[in-house]
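S.K.: Here you go, one structure.
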Amino acid sequence: MGNTFPGFENVVTSIGAMHARIHQGLLYSSTIARPALAAAGVLDILVVTGSVPPHLRHQLAAGATGTVLLYEDTTVSANGVAELVQNKNRLSGRVNETTVFSGPTVTGVGTLLGNGVVPGGKTGQASGGIREGFEEWILKPASLYLIRFTNNDAQAQPVNVELDWYEPFGKLR
């Protein structure tokens, strides 16, 4: 089966690995947005893995400078609010094992795996910044991870976190 666009009958078409995982029904996404995270406020996101080790990437955008930390083996007394997780292939029957929660009650942050700064600052009327984790983290199965964003600004700022992951051995319904 090849490319069927006129004039391109003998051209090999390829797509990137992440794009291919969408077609396979293995890529999931969850977005957590806060229109106004308080000055020095913290947004905690709990990622709970199932029996399949997810391969996680993240992107974080904020209205001002902030810090983002990733912890492994977090302990909580309550998971928080379940966030929507969607398979990026809306025709797939595969279901995610990894779940995402916002606002967990953290009793122990766990082991720090990574940290970063979301660049920000104000230039005229514009402000804000984006931090994207270009390389994925392969998370342990049956574990809890904490992603903690802190707003370092003196005013409330918007924040948006997008988590994308694939579960290589995704289960069908």
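The values are calculated or read from the model by the stated rules, or taken from the named source; none is laboratory data. These figures come from a predicted structure and were not determined experimentally. Every residue, glycine among them, receives a Cβ derived from its backbone with ideal geometry; neighbour counts consider all protein chains shown.
S.K.: Are there strands (runs of 3 or more DSSP E) fully within the stretch 1-113 with at least 3 residues that are at positive phi and of a type in the set (S, T, N, Q)? List them.
M.R.: It comes to none.
S.K.: Right, another one. Restricting to the stretch 80-110, and then to whatever is among the hydrophobic types (A, V, I, L, M, F, W, C) and modelled with pLDDT under 95, can you tell me which residue is surrounded by the fewest Cβ atoms within 10 Å (Cβ to Cβ)?
M.R.: Applying the first criterion (among the hydrophobic types (A, V, I, L, M, F, W, C)) to the stretch 80-110 yields 81-82, 84-85, 91, 95, 100-101, 106, 109.
Among the residues that remain, those that are also modelled with pLDDT under 95 are: 91, 95.
Numbers: Leu91: 7, Val95: 14.
The residue in question is Leu91.
S.K.: Could you say which residue among Ser51, Ser29, Ser77 is of a type in the set (Ser, Thr, Tyr), over 15 Å from Arg148 (Cβ atoms), without any contact (Cβ under 8 Å) to a residue 60 or more places away in the chain and surrounded by fewer than 18 Cβ atoms within 10 Å (Cβ to Cβ)? Spell out the reasoning first.
M.R.: Details: Ser51 fails: without any contact (Cβ under 8 Å) to a residue 60 or more places away in the chain; Ser29 fails: without any contact (Cβ under 8 Å) to a residue 60 or more places away in the chain.
Within the list Ser51, Ser29, Ser77, the selection yields Ser77.
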